[in-house]
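Accompanying notes for the structure given below.
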Amino acid sequence: MQSNYRNAIFIEDAKILVQQAFEEEQYVLRVHAPKCAETAKPGQFSHIQCDPQRLMRRPLSIMRVSASEGWVEFLYKAVGEGTSLLAQRKVGESVSVMGPIGRPFELSTAKPKALLLGGGVGIPPMICLSEQIKEHDDSITPTVFMGSEVPFPFKRESSAISINGIKGEVSDCLPLLEEWGIPSRLASLQGYSGVYQGYITDLARDWLNALSKEEREEVEIYSCGPTPMLKAVAALAKEFDVPCQVSLEEYMACAVGGCAGCVVKVTTDEGEAMKRVCVDGPVFEAYTVFA
C-alpha cells in the first residue's frame, strides 16, 4: 500500500463541541474541524495542540467523523502533561488541529468478513472503521472485539446480537455498535461481569475456530492497540493464514515525516527498510512489521 495522503493535511482552529470525561482520566473530545472532517478516513489521526503555551502537539486517533456536520471526534487518556492540559480545555474554546494524517485502513470486498480488534487507546480506529462500513460498505460484514485493562470509556450493556463461537455469558458490547447493528464483545483481565476474562486474541481465536475453512478464507483482520497486543494479533493472523492490517502507536514530534522520530523497521520486497509511522503508516500490513 502506498501513501497518497501527504498533500491533504490541514491546520484549523477547531472549536471544542464536546469534552466528556470518563473513569480513569479518559475523555471524548469532539471539535469542529470541517477541512479535516471532509477527507478523514479510519486509521488516520490528527496532531493536536493541547495548550497554547505548549508547542509540542499530541497525536490522537480519529474515532468518529461527520463530513456533513464538519466535526471530528477523539478518545484520549490524560497520561502526561500535554494530554492533562488538553483535558482542562472547555467547550467553546478552540484548539489547533492538524489533520487528517497518515495512511488509513483499506477494506477489500474480496475479504468480506472483517474482524476488528481494538485495545485501549486502539479502540477509536475500530469505531471509525465500523462506522465507515455501516455507511459505505454494505458488502463487508464486521465483527468487533475490544479490550481494556481500565474501565471502558462507555457504559457497557448486554448485547442482543449473538456471535458464533462466543459463549453466552460473554454478553457485554459497545452500545454504539449495538445501535448500528454491528456485533461486538469486550475482553479484559479485570473481572468485569459479562466481559470475556482473557486476552482479546483468545476471544478472536474462539470466533475464528467457529468458522469453516471456506469462511476463514473470507476474513481479514484490522487492529490497533499497544505493540505487544499487535504482535499477538499478527501471530493469530498467521496461525489462521488470514491477512491483517495493523495501526501502530508511536511517539512522534512533527507527525508529517520531517523528524523521522517515529520510524519502525519494515520488511519490503527490496529488503528491510525504516518507515515513518506518521506518513508511511500508521497502518501497515502486519506481516511486514511483525515477522
If Arg58 satisfies every condition in (1) modelled with pLDDT of 95 or more; (2) within 19 Å of the chain's Cα centre (by Cα) but one, which is the exception? (1)
Taking the options Glu250, Glu285, Glu272, name whichever one is out of contact with any Gly (no Cβ under 8 Å at 6 or more places or on another chain) and at pLDDT 95 or above. Glu285
With respect to Gly43, determine if the residue is touching a helix residue (DSSP H, G or I) at 6+ places or on another chain (Cβ under 9 Å) and under 12 Å from Pro124 (Cα atoms). yes
All but one of (1) within 17 Å of Ala187 (Cβ to Cβ); (2) out of contact with any strand residue (DSSP E or B) (no Cβ under 7 Å at 6 or more places or on another chain) hold for Glu270; which doesn't? (1)
What number of residues within segment 54-94 satisfy the criterion of being β-branched (Val, Ile, Thr) and in contact with a Pro (Cβ under 9 Å, 6 or more places away or on another chain)? 3
Could you look through segment 134-173, keep only residues that are in contact with a Cys (Cβ under 8 Å, 6 or more places away or on another chain) and part of a loop (DSSP other than H, G, I, E, B), and pick out the one that is nearest to Ala187 (Cα to Cα)? Arg156
Test: Arg58 is among the charged types (D, E, K, R), under 24 Å from Glu131 (Cβ atoms) and either in contact with a Gly (Cβ under 9 Å, 6 or more places away or on another chain) or assigned by TED's automatic domain parsing to the domain that holds Gly119 (or both): yes
Which listed residue, of Leu75, Leu17, Leu86, Leu55, is among the aliphatic types (A, V, I, L, M) and more than 23 Å from Ile123 (Cα to Cα): Leu55
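The values are calculated or read from the model by the stated rules, or taken from the named source; none is laboratory data. Remember, it's a predicted structure, so these values are computed and weren't measured experimentally. FYI the Cβ positions are ideal-geometry reconstructions off the backbone, even for glycines, and counts take in every protein chain you see.
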